[in-house]
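What follows is a single structure, and I will ask about it in a moment.
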Amino acid sequence: MPITGTGWELHVIRHSEQRRPSNGKRRTVGTYQVYHDGKAQDGTGLSGTIAETRGPGANAPENNNRRIEAGRYPLYTQDGAKYVTNGYKDSESPSVKPKPGLELKDTGERTEILIHPGIGFVASVGCFNPCTSLPDDQEMIDYLPSRRRVIAIIDDLRKFIKGFPDKNGRRIEGAFVVVDGEPELPDQ
């Protein structure tokens, strides 16, 4: 599903799955790019690698331990105990909450599908963790660069979207995440 070229779009292209032989954990790896009205943005943190849980994509049933389906999803400000868009703590410690995040909606029975900082192999089920590079199953997500990328995405949204919500749990009009690809785990 290509971007529409209208408004603010974060395009995720999934390209592979990785499995750790030591414990069998799996993650999906892809790339992401922010677009303004179809024009790729080249600012720091507005493109890179992105990780999420294993496939196949499924928007039902709830709590299915899979990534979401490929598709186009509206963005909202996140209003949770662990992650928020407005009012996250100014701390680089992975234990301090709330951390920065955004929420995808219209995900079927799935809820709390977020873009948030990752740490370790993969940080959560169904969510997107922007990061620098995941060349193989041994590479871990470094929290600080991941956090910086999430903040860069939020800051870019604030600058581009007129009327960006100042409260959490609100629709960000004209902002979408477009997810492409359903890679499978290669035979090992």
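May I ask for the equivalent-ellipsoid semi-axes of the range 91-185, computed as the square root of five times each C-alpha gyration tensor eigenvalue and listed largest first in whole Å?
So the three semi-axes of the range 91-185 are 23, 18, 13 Å.
Further, regarding this structure: Take GLU139, project a point 7 Å from its Cα along the Cβ direction, then tell me which residues of the range 27-60 have their backbone nitrogen under 11 Å from it.
What the label zone holds, given the 11 Å backbone N cut-off, is 29-31, 49-51.
So what is the relative contact order of the chain, in percent, for Cα pairs below 8 Å that sit 6 or more residues apart?
Here the relative contact order equals 29 percent.
Quickly estimate the mean residue ellipticity at 222 nm for the chain, helices only: each DSSP H run with n ≥ 4 gives -39500 (n - 2.57), and the total goes over all residues, rounded to 500.
Counting only the DSSP helices, I get -3000 deg cm²/dmol.
What's the exposure ranking of ASP106, ASP156, going from fewest to most Cβ atoms within 10 Å?
ASP106, ASP156
Cα to Cα, under 24 Å, and not fewer than 8 places away if on the same chain: which lysines meet these conditions relative to LYS167?
LYS82, LYS89, LYS97, LYS99, LYS105, LYS159
Rg to Rh for the chain: what is it, with Cα atoms only and Rh by Kirkwood?
Taking Rg over the Kirkwood Rh, I get 0.94.
All of the numbers you see were taken from the coordinates with simple rules; none came from a lab. It should be emphasised that the depicted structure is a prediction, and the values quoted were computed from it without experimental measurement. In this analysis, Cβ positions are derived from the backbone assuming ideal geometry, glycine residues included, and neighbour counts consider all displayed protein chains.
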